[in-house]
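A.B. asks: One structure follows; several queries about it will come next.
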């Protein structure tokens, strides 16, 4: 395994995001918090020497992350919240930081394969 020298940001949904998702799901089949949490995204960011640098970088890319999260549930941008501010991002998502990231794949950019050639 190779250490990646990256910071991983796990984006966890908060209740307002779940409420937004469920506005567009059939009322008889709402998404649960567990279902949405299992679809949490992970973003690899550069390593930062200080917490302030990490937070500043997150603020700069928060709209890009917001777009990824919204598109994963609904592609019609007319139904997305507007404006998408950093404050709204913080209301809708919790960021869980991980500093020790490792690449456990056999080759760069690929999942390790089993004896039958499957990931």
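A.B. asks: Quick check: from the Cα gyration tensor, does the chain come out rounded (a/c under 1.5), prolate or oblate?
C.D. replies: Oblate.
A.B. asks: Now a separate question. GNM on the chain, C-alpha springs below 10 Å: top fluctuator among 53, 63, 28?
C.D. replies: 28
A.B. asks: Okay, next question. Within 10 Å of each residue's Cβ, count the other Cβ atoms and sort 7, 85, 101 from fewest upward.
C.D. replies: 85, 101, 7
A.B. asks: For residue 60 and residue 3, calculate 0.36 nm times their separation in residues minus their Cα-Cα distance, and state this gained length in nm to one decimal.
C.D. replies: Working it through step by step, the gained length comes to 18.0 nm.
A.B. asks: Hey, for a label at residue 86 modelled as a point 7 Å past Cα toward Cβ, could you say which residues of segment 27-68 have their backbone N under 13 Å away?
C.D. replies: 52-64
A.B. asks: Could you give the angle, 0 to 90 degrees to the nearest 10, between helix 51-71's Cα long axis and the longest principal axis of the Cα atoms of the chain?
C.D. replies: 60
A.B. asks: Please list, in order, the residues from segment 1-18 whose amide nitrogen is less than 13 Å from a point placed 7 Å along the Cα→Cβ vector of residue 44.
C.D. replies: Inside the label zone: 2-9.
A.B. asks: For segment 1-49, what class follows from the C-alpha gyration tensor (a ≥ b ≥ c being the square roots of its eigenvalues): rounded when a/c is under 1.5, otherwise prolate if a/b is larger than b/c, else oblate?
C.D. replies: prolate
A.B. asks: Helix-only estimate, please: 222 nm mean residue ellipticity of the chain, summing -39500 (n - 2.57) across DSSP H runs of length 4 or more and dividing by its residues, to the nearest 500.
C.D. replies: -10500 deg cm²/dmol
A.B. asks: Let me have the relative contact order for segment 2-103, percent, based on Cα pairs under 8 Å that are six or more residues apart.
C.D. replies: Across segment 2-103, relative contact order equals 56 percent.
A.B. asks: Among 25, 5, which comes first, then next, by fewest other beta-carbon atoms within 10 Å?
C.D. replies: 5, 25
A.B. asks: Quick one: Cα centre-to-centre distance for segment 29-67 and segment 1-24, in angstrom?
C.D. replies: Computed from Cα coordinates, the inter-centre distance equals 5 Å.
Just so you know, all these numbers are worked out from the coordinates, no wet-lab data involved. Quick caveat: nothing in here was measured; it's all calculated off a predicted structure. Cβ coordinates were reconstructed from backbone atoms using ideal geometry, including for glycine residues, and neighbour counts include every protein chain displayed.
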